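Participant: If you scroll down you'll find the structure; I have some questions about it.
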Amino acid sequence: MLLNRRIIVGVCGGIASYKAIDLVSKLQQAGALVDVIITENAEEFVRPLTFATLSHRPVFGDLWEPSGEAAETHIALAENAELLVIVPATANTIARLAHGMADNMLTTVALATRAPVLIAPAMHSHMYTHPATQANLALLRERGVTVLEPAVGKLASGETGIGRLPDTATLLGAIQQVLGQHGDLAGRRVVISAGGTHEAIDPVRYVGNHSSGKMGYTLATEARDRGAHVILVSGPVALPVPYGVELCSVETALQMRDAVYHFITDADVLIMSAAVADFRPAQVAAHKIKKSGNEVTGQHEDGELAIHLVQNPDILAELAASLNGVAGSRPVPPLKRRLIRVGFAAETQNLVEHAQEKLRRKQLDLLVANDVSRDDSGFGTDTNKVLIFHADDAMEDLPVMPKTGVAAAIWDRVVPLLAV
Ligand SMILES: Cc1cc2nc3c(=O)[nH]c(=O)nc-3n(C[C@H](O)[C@H](O)[C@H](O)COP(=O)(O)O)c2cc1C
């Protein structure tokens with residue numbers, strides 16, 4: 001997504017200026033063409049040489065320095081940019097931008113460019129919450145500038161408050177979101193379930209599975225980067241929430257069903273990539289089950305413990321039955337528009353037959369099947385080998401790919417269905 005994208009990183013003079021170094025490095029590693037503009041005051045904190053070395057490109061600072069390439073460097077930079085991101089944005093530069101001043105290379109380029117502008121304010125909380133700064137930010141927002149809210153935490157002064165520059169992952173997420181805001185999923189609402197569910201046995205134990213959530217989280221990131229509003233209904237996982245994605249955390253299959261039903265009412269797409277537990281303990285013990293047993297399990301002096309399991313609802317199958325008005329099916333809240341439904345099938349044997357049967361029974365638009373017994377596929381891996389089954393019986397056998405590639409392939413197939 002960042003490959004060959006032309007991004008200007010404007011660096012202002014604040015205590016967080018050094019963090020822009022990491023951002024420029026990560027953008028360059030991701031293949032972006034990064035032009036750094038540094039203010040005179042930023043040079044008190046960081047040196048242009050560091051940025052030039054990491055970006056592999058010249059760094060711009062002095063408005064009056066002839067570059068030898070374009071007659072007007074600031075206009076050439078402004079016109080070529082796909083995004084101007086200012087990290088950190090000082091109170092001073094924010095004020096200048098708000099009032100249309102153009103007294104250095106950065107503010108002049110900001111005025112001259114028609115590319116989207118993203119700013120990441122970072123300063124002491126008194127400066128940030130000052131009515132002047134807030135009014136300036138409101139003015140910039142009104143004009144379409146995206147303002148990244150600073151983080152709350154320890155400030156350079158030693159105090160705790162709002163004003164910290166968000167971490168590099170958040171900055172990168174925000175950059176990708178702005179770059180993709182007019183993508184092929186712009187204006188769409190998508191609901192994605194991810195991770196496994198935990199079905200409680202007692203207050204300390206649960207029945208679970210090996211799902212890491214990576215596939216669902218990657219699908220969420222990809223949809224965000226194509227302009228969608230993404231709602232991620234996630235079981236417990238150890239992954240950071242992608243910036244700009246709305247998270248709904250759940251634990252059990254029943255909670256996941258309620259959350260999915262809640263969010264699909266005005267959604268365009270539902271992708272169920274979560275590994276929802278098929279069964280849950282019939283009864284959850286109120287207290288930790290001791291080795292000797294308890295009121296739920298009975299006594300088990302013989303060294304054995306039996307847990308009685310009952311079936312969980314199959315969310316997509318239940319949804320299909322409900323949409324078809326099958327008698328006795330659980331009613332779904334009315335949907336505002338046609339919902340594209342995509343399922344996942346994790347199988348260890350008879351992949352094709354099981355997948356085709358699931359696709360038909362659950363009346364899906366697409367079914368993504370993977371053989372989780374393979375080393376390069378399924379739970380916890382960074383790659384996936386999938387087959388995609390279409391409603392018209394077509395089947396595609398995709399090669400082993402990073403999960404980012406699989407996510408892109410899935411959305412590539414969902415987008416045309418939205419136009420039907
Ligand atoms: C040690 C030090 C740290 C500073 N940190 C910040 C800061 O984090 N955020 C901010 O808005 N200004 C900060 N300032 C004030 C700016 O450097 C000052 O307003 C400057 O004019 C900003 O210039 P620029 O916006 O052209 O880069 C700091 C100043 C000093 C001396």
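The values are calculated or read from the model by the stated rules, or taken from the named source; none is laboratory data. Everything quoted here is computed from the prediction, not taken from an experiment. As a convention, Cβ positions derive from the backbone with ideal geometry for all residues, glycine included, and neighbour counts pool all protein chains shown.
Participant: All but one of (1) assigned to a loop (DSSP other than H, G, I, E, B); (2) in contact (Cβ under 8 Å) with a residue 60 or more places away in the chain; (3) closer than 30 Å to G187 by Cβ hold for L364; state the number of the condition that does not hold.
Facilitator: (2)
Participant: For the stretch 106-125, name all the residues that are within 14 Å of the ligand (Cβ to nearest atom), touching a residue at least 24 places away in the same chain (Cβ under 8 Å) and over 25 Å from the mean Cα position of the chain (by Cα).
Facilitator: Of all residues in the stretch 106-125, those within 14 Å of the ligand (Cβ to nearest atom) come to 106-110, 119-125.
Pick out the ones that are also touching a residue at least 24 places away in the same chain (Cβ under 8 Å) and you get 106, 108-110, 119-125.
Result: L106, T108, V109, A110, M123, H124, S125.
Participant: In the stretch 1-23, what count of residues is obtained for those that are within 16 Å of the ligand (Cβ to nearest atom), surrounded by 24 or more Cβ atoms within 10 Å (Cβ to Cβ) and either assigned to a strand (DSSP E or B) or of a type in the set (V, I, T) (or both)?
Facilitator: 4
Participant: Yes or no: the stretch 52-74 includes at least one residue that is away from the ligand (no atom under 11 Å from the Cβ), in contact (Cβ under 8 Å) with a residue 12 or more places away in the chain, buried (at least 24 other Cβ atoms within 10 Å of the Cβ) and not β-branched (V, I, T).
Facilitator: Within the stretch 52-74, not a single residue is away from the ligand (no atom under 11 Å from the Cβ), in contact (Cβ under 8 Å) with a residue 12 or more places away in the chain, buried (at least 24 other Cβ atoms within 10 Å of the Cβ) and not β-branched (V, I, T).
Participant: Report, by residue number, each residue of the stretch 317-348 that is in contact with a Ser or Thr (Cβ under 8 Å, 6 or more places away or on another chain) and not in a strand (DSSP E or B).
Facilitator: E318, A321, S322, S329, R330, P331, V332, P333, P334, L335, K336, T348
Participant: Okay, next question. Filter the stretch 383-401 for residues that are assigned to a loop (DSSP other than H, G, I, E, B), charged (D, E, K, R) and exposed (fewer than 13 other Cβ atoms within 10 Å of the Cβ); which is modelled with the highest pLDDT?
Facilitator: Within the stretch 383-401, the subset assigned to a loop (DSSP other than H, G, I, E, B) is 385, 391-394, 398-400.
Now restrict to residues that are charged (D, E, K, R): 385, 392-393.
Next, from what is left, pick out any that are exposed (fewer than 13 other Cβ atoms within 10 Å of the Cβ): 392-393.
Values: D392: 92, D393: 86.
Result: D392.
Participant: Can you find a residue in the stretch 5-25 that is touching a Ser or Thr at 6+ places or on another chain (Cβ under 7 Å) and within 30 Å of D184 (Cβ to Cβ)?
Facilitator: Within the stretch 5-25, one or more residues are touching a Ser or Thr at 6+ places or on another chain (Cβ under 7 Å) and within 30 Å of D184 (Cβ to Cβ).
Participant: Quick check on the stretch 126-162: of everything there that is within 20 Å of G173 (Cβ to Cβ) and of a type in the set (V, I, T), which residue is farthest from the ligand (Cβ to nearest atom)?
Facilitator: Selected residue: T146.
Participant: Can you name the residue in the stretch 294-316 that is under 25 Å from E251 (Cβ atoms) and not in a loop (DSSP other than H, G, I, E, B) and is also modelled with the lowest pLDDT among such residues?
Facilitator: Residues of the stretch 294-316 under 25 Å from E251 (Cβ atoms): 294-297, 305-316.
Retained after the next criterion (residues that are not in a loop (DSSP other than H, G, I, E, B)): 294, 309-311, 315-316.
Numbers: N294: 68, L309: 96, V310: 97, Q311: 96, I315: 94, L316: 95.
Top of the filtered list is N294.
Participant: From the list D382, D365, which residue is farther than 14 Å from R341 by Cβ and among the charged types (D, E, K, R)?
Facilitator: On the way: D365 fails: farther than 14 Å from R341 by Cβ.
Going through D382, D365 in turn, just one is farther than 14 Å from R341 by Cβ and among the charged types (D, E, K, R): D382.
Participant: Same structure, new question: Starting from the stretch 1-20, take each residue that is not assigned by TED's automatic domain parsing to the domain that holds G405 and list its partners that are within 13 Å of the ligand (Cβ to nearest atom) and of a type in the set (K, R), counting only C-beta distances under 8 angstrom and pairs at least six apart or across chains.
Facilitator: That search, which allows pairs on different chains as well, returns A16/R164.
Participant: Moving on. Just name the residue that is farthest from the chain's Cα centre (by Cα) out of those in the stretch 79-95 that are more than 9 Å from the ligand (Cβ to nearest atom) and in contact (Cβ under 8 Å) with a residue 40 or more places away in the chain.
Facilitator: Filtering the stretch 79-95 for residues more than 9 Å from the ligand (Cβ to nearest atom) gives 79-87.
Next, only the ones that are in contact (Cβ under 8 Å) with a residue 40 or more places away in the chain stay: 80-87.
On the way: N80: 27, A81: 24, E82: 21, L83: 19, L84: 21, V85: 19, I86: 21, V87: 21 Å.
Looking at the filtered set, the residue picked out is N80.
Participant: In the stretch 38-46, is there at least one residue being in a helix (DSSP H, G or I), within 16 Å of the ligand (Cβ to nearest atom) and not aliphatic (A, V, I, L, M)?
Facilitator: First, pick out the residues of the stretch 38-46 that are in a helix (DSSP H, G or I): 42-44.
So of that shortlist, the ones also within 16 Å of the ligand (Cβ to nearest atom) come out as 42-44.
Applying the additional criterion that residues be not aliphatic (A, V, I, L, M) yields 43-44.
Yes, some residue in the stretch 38-46 is in a helix (DSSP H, G or I), within 16 Å of the ligand (Cβ to nearest atom) and not aliphatic (A, V, I, L, M).
Participant: Let me ask something else about it. Scan the stretch 246-264 and tell me whether some residue there is closer than 18 Å to G173 by Cα and modelled with pLDDT of 95 or more. So that I can check it myself, show each step before the final result.
Facilitator: Going residue by residue through the stretch 246-264, those that are closer than 18 Å to G173 by Cα are 246-247.
Restricting the remaining residues to those that are modelled with pLDDT of 95 or more gives 246-247.
Yes: the stretch 246-264 contains one or more residues that are closer than 18 Å to G173 by Cα and modelled with pLDDT of 95 or more.
Participant: Of D225, D268, which residue is at pLDDT 95 or above, among the charged types (D, E, K, R) and buried (at least 24 other Cβ atoms within 10 Å of the Cβ)?
Facilitator: Values: D268 fails: buried (at least 24 other Cβ atoms within 10 Å of the Cβ).
Testing whether each residue is at pLDDT 95 or above, among the charged types (D, E, K, R) and buried (at least 24 other Cβ atoms within 10 Å of the Cβ) leaves just D225.
Participant: Go over the candidates D167, D184, D202 one by one and state the one that is more than 24 Å from D412 (Cβ to Cβ) and outside the structural domain of L84 (by TED's automatic domain parsing). Steps first, please.
Facilitator: On the way: D167 fails: outside the structural domain of L84 (by TED's automatic domain parsing); D184 fails: more than 24 Å from D412 (Cβ to Cβ).
Testing whether each residue is more than 24 Å from D412 (Cβ to Cβ) and outside the structural domain of L84 (by TED's automatic domain parsing) leaves just D202.
Participant: Given the options G100, G31, name the one that is among the small types (G, A, S), on the phi > 0 side of the Ramachandran plot and more than 16 Å from the ligand (Cβ to nearest atom). Break it down stepwise before answering.
Facilitator: Working: G100 fails: more than 16 Å from the ligand (Cβ to nearest atom).
From the options G100, G31, the qualifying one is G31.
Participant: Contact list please: Cβ distance under 6 Å, first residue in the stretch 152-169 and within 13 Å of A120 (Cα to Cα), second residue surrounded by fewer than 16 Cβ atoms within 10 Å (Cβ to Cβ) and small (G, A, S), pairs at least six apart or on different chains.
Facilitator: R164/A151; R164/G153; P166/A151
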